[in-house]
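The values are calculated or read from the model by the stated rules, or taken from the named source; none is laboratory data. Keep in mind that what you see is a predicted model, and the values were worked out from it rather than measured. Methodologically, a virtual Cβ is constructed for each residue, glycine included, from the backbone with ideal geometry; neighbour enumeration extends over all protein chains shown.
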Amino acid sequence: MKDNADTHAIDLLMVGPLIPEIIAYLEGKYRLHKWWTIEDKETFLREHGATVRGIVTSGRFGATKTLIDSLPALEVINSFGVGYDPIDIDAAHARNVVVTNTPGVLDDCVADTALALILGVSRRIAEADRFVRAGRWPNESFGLGRKIGGKRCGIVGLGNIGRQIAARAEAFGMDIAYYNRRARTDVPAHYRYCEDVVSLARESDYLVLALPGGSATRHIVNAEVLKALGQDGYLINVARGSVVDEAALVQALQAGEIAGAGLDVFEHEPKTPEALWSMDNVVLLPHIASGTHETRKAMADLVLKNLDGWFATREVVTQVV
Ligand code: 8YV
């Protein structure tokens with residue numbers, strides 16, 4: 001085992017710019033290399049690759065197999081975020097590299113955002129704001145929205161975040177149904193379980209996505225699911241862009257096959273389909289579901305706890321299995 005007494009001698013590689021607080025902390029305690037600022041990456045790997053022991057990254061920046069395999073001394077990957085789909089977990093595990101993420105601390109804020117999107121599309125909040133700012137109120141009436149109480153909320157992925165969405169939606173008077181890999185026995189018995197996404201969509205006014213990304217769930221929401229959701233149905237996505245066939249979604253919205261969409265995530269972030277920009281029945285957010293001061297601080301604390309824990313005692317708090 002290596003000598004961990006002087007953490008300043010430990011080389012860490014940060015893949016993309018995380019929040020300034022994390023960067024400042026790591027610069028004060030470790031030898032931090034910033035991958036995104038390094039122009040000549042080959043030379044960097046030749047000179048420092050052999051001593052990098054930790055990668056710090058996020059659900060946005062990930063860690064590829066190529067990067068993992070080019071760091072022979074790598075021990076740990078600490079990710080800022082609960083979703084770790086852009087990290088090559090198989091490559092990490094093949095090398096016995098420990099991977100950590102930040103579950104638990106962001107569930108409430110992500111669930112809040114799902115409700116904000118449900119309300120946003122139904123009560124036409126962003127559209128109404130644009131109406132006032134355009135000076136239209138004195139001369140026109142805005143028109144009506146849709147009530148969410150009494151409507152059916154179908155949640156795809158009833159994990160920690162999905163359950164918090166269900167609790168909030170229920171408080172707004174919505175009926176809850178869900179699709180999950182398996183029916184859950186630890187949720188209220190009146191949550192209806194659907195065995196596939198198409199039948200859940202058929203039974204939903206709002207199809208809310210809260211499942212992990214990655215190859216197993218890629219395009220789980222496709223043209224068939226959107227058709228089943230129907231012309232009065234809304235799609236809400238706070239999960240990952242990859243879980244939706246975005247071309248099929250654009251087409252469904254253009255054809256009026258669904259009523260609208262509230263989207264925090266996209267297939268090719270930060271790119272969003274331009275066809276959606278002019279649609280008033282669509283609310284677009286720049287992946288901000290966990291983006292509050294409080295939650296981002298809790299995520300940062302957990303990243304650093306995992307990282308410090310590893311280099312102090314080989315103990316981490318939230319290891320990805
Ligand atoms: C973060 C997320 O915005 O936790 C996740 O999986 O997508 C978000 O909380 C992201 O990890 C930061 O880039």
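Within region 269-293, residues that are free of Cβ contacts under 8 Å to residues at least 40 places away in the same chain and farther than 17 Å from PHE80 by Cβ have Cβ atoms under 9 Å from residues that are assigned to a loop (DSSP other than H, G, I, E, B) and among the hydroxyl-bearing types (Ser, Thr, Tyr) in these pairs: LEU284/THR272, counting only partners at least 6 apart in sequence or on another chain.
Please find, among ASP108, ASP90, ASP85, the residue that is more than 20 Å from VAL282 (Cβ to Cβ), under 17 Å from the mean Cα position of the chain (by Cα) and in a helix (DSSP H, G or I).
Selected residue: ASP108, the only one of ASP108, ASP90, ASP85 that is more than 20 Å from VAL282 (Cβ to Cβ), under 17 Å from the mean Cα position of the chain (by Cα) and in a helix (DSSP H, G or I).
The one condition from (1) modelled with pLDDT of 95 or more; (2) within 13 Å of the ligand (Cβ to nearest atom); (3) assigned to a loop (DSSP other than H, G, I, E, B) that ARG60 does not meet is (1). Restricting attention to region 245-272, the residues that are under 15 Å from the mean Cα position of the chain (by Cα), farther than 15 Å from SER204 by Cβ and not in a loop (DSSP other than H, G, I, E, B) add up to 2. None of LEU13, LEU45 is free of Cβ contacts under 8 Å to residues at least 60 places away in the same chain, more than 16 Å from the ligand (Cβ to nearest atom), of a type outside the set (Ser, Thr, Tyr) and closer than 15 Å to SER79 by Cα except LEU13.
Would you check if ALA255 is surrounded by fewer than 18 Cβ atoms within 10 Å (Cβ to Cβ), out of contact with any Asp or Glu (no Cβ under 9 Å at 6 or more places or on another chain) and either in the same structural domain as GLY59 (by TED's automatic domain parsing) or closer than 16 Å to LEU158 by Cα (or both)? When the stated conditions are applied, ALA255 does not pass them. Screening THR51 against (1) under 20 Å from VAL243 (Cα atoms); (2) more than 16 Å from the ligand (Cβ to nearest atom); (3) among the hydroxyl-bearing types (Ser, Thr, Tyr) leaves a single unmet condition, (1).
Remark: SER290 matches the filter, which requires a residue to be in a loop (DSSP other than H, G, I, E, B), of a type in the set (Gly, Ala, Ser), out of contact with any Lys or Arg (no Cβ under 6 Å at 6 or more places or on another chain) and within 17 Å of ILE236 (Cβ to Cβ). Of the candidates ALA126, ALA92, the single residue that is over 24 Å from ILE220 (Cα atoms) and surrounded by fewer than 18 Cβ atoms within 10 Å (Cβ to Cβ) is ALA126.
Does region 114-131 contain at least one residue that is part of a loop (DSSP other than H, G, I, E, B) and among the acidic types (Asp, Glu)?
Just the residues of region 114-131 that are part of a loop (DSSP other than H, G, I, E, B), to begin with: 123-124.
Adding the requirement that they be among the acidic types (Asp, Glu) leaves none.
Taking every residue of region 114-131 in turn, none turns out to be part of a loop (DSSP other than H, G, I, E, B) and among the acidic types (Asp, Glu).
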